[in-house]
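In what follows, a single structure is set out as structure tokens and then discussed.
What follows draws every value from the coordinates through simple rules; no lab data is involved. Just so it is clear, the model here is predicted, and its values are computed rather than measured. FYI the Cβ positions are ideal-geometry reconstructions off the backbone, even for glycines, and counts take in every protein chain you see.
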């Protein structure tokens, strides 16, 4: 099982490039960055887990620009989005961004996508929260056409474009790995599209079999996100056949982040390369 890290890279914490180098030096396999374009001041949508929305949600850097900077100073580190809020994005621009990042990283990109939870954020982008699931399905179909076809064309209810030329194409063939983030509905979508799944880690190892059973026996790649650096939890996920576990690191200044990574390294040492 591979071990990655997820964190909010902001203007107040460690920089993306310094974080990337620190992860590669310590043997971590990957870095996954979340995305929020903005946080509406209304705050009508409740924060994940309840309570006040943490400060880093307001200050997150753009994941694609940040990962591009990380790609320039690393050689092996897998670079992922965890997750891109695709329903808030233009699918043609995003297809180019992903392909470009896959090119400049020499095929190290993993495309994690999700629907998101902040309905006001979606609405500011012109996305109707009531149809966001159907929109994501079409976007996933359309973006794969752009990546894999020299003359791409798509006609759906929400995404509609006539034949187009769009380069660059990704280095990875047929395209970078796609993972759908979320719970049961995300697992169902991953099954429909034949891609990977990113659920949130459970706290109790005994709950892992029931969590993975949501894939209904389909042999799809699984990346577990937002896990605590608990050796018992790591071992249980590894025994269950999970390919990648992403551990959470709080957004902290550089030296505090490096110290946190050293502590995580001790807990996950036998899984690091």
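Brief remarks follow.
- Mean residue ellipticity (222 nm) of the chain, computed from DSSP H runs ≥ 4 via -39,500 (n - 2.57), nearest 500: -10500 deg cm²/dmol
- Segment residue 150..residue 162, full-extension length gain: 3.0 nm, with 0.36 nm per residue of separation and the alpha-carbon distance subtracted.
- Extension gain, residue 123-residue 255: 0.36 nm per intervening residue step, less the Cα-Cα distance, totals 43.7 nm.
- Per-residue packing, averaged as other Cβ atoms within 10 Å, sorts the ranges 183-191, 123-131 into the order 183-191, 123-131, beginning with the highest.
- Of all the options 33, 67, 220, the one that moves most in a Gaussian network model of the chain with Cα springs shorter than 10 angstrom is 220.
- Residue among 84, 223, 257 with the largest mean-square fluctuation in a Gaussian network model of the chain, springs linking Cα atoms under 10 Å: 257
- One Cα centroid belongs to the stretch 172-195, the other to the stretch 93-154; the line between them spans 12 Å.
- Cα centroid separation, the stretch 204-273 to the stretch 12-66: 18 Å.
- Using the Cβ-Cβ distance between residue 267 and residue 200 with R0 set to 22 Å, the FRET efficiency from 1/(1 + (r/R0)^6) comes to roughly 0.70.
- Folded to 0 to 90 degrees: helix 184-193 orientation relative to the chain principal axis, Cα: 60
- Answer label, with Rg and Dmax of the Cα atoms in Å calculated from the coordinates and candidates (1) 18.2, 56; (2) 17.7, 63; (3) 18.1, 53: (3)
- For the chain, the longest principal axis of the Cα atoms and the long axis of helix 132-148 meet at an angle of about 80 degrees.
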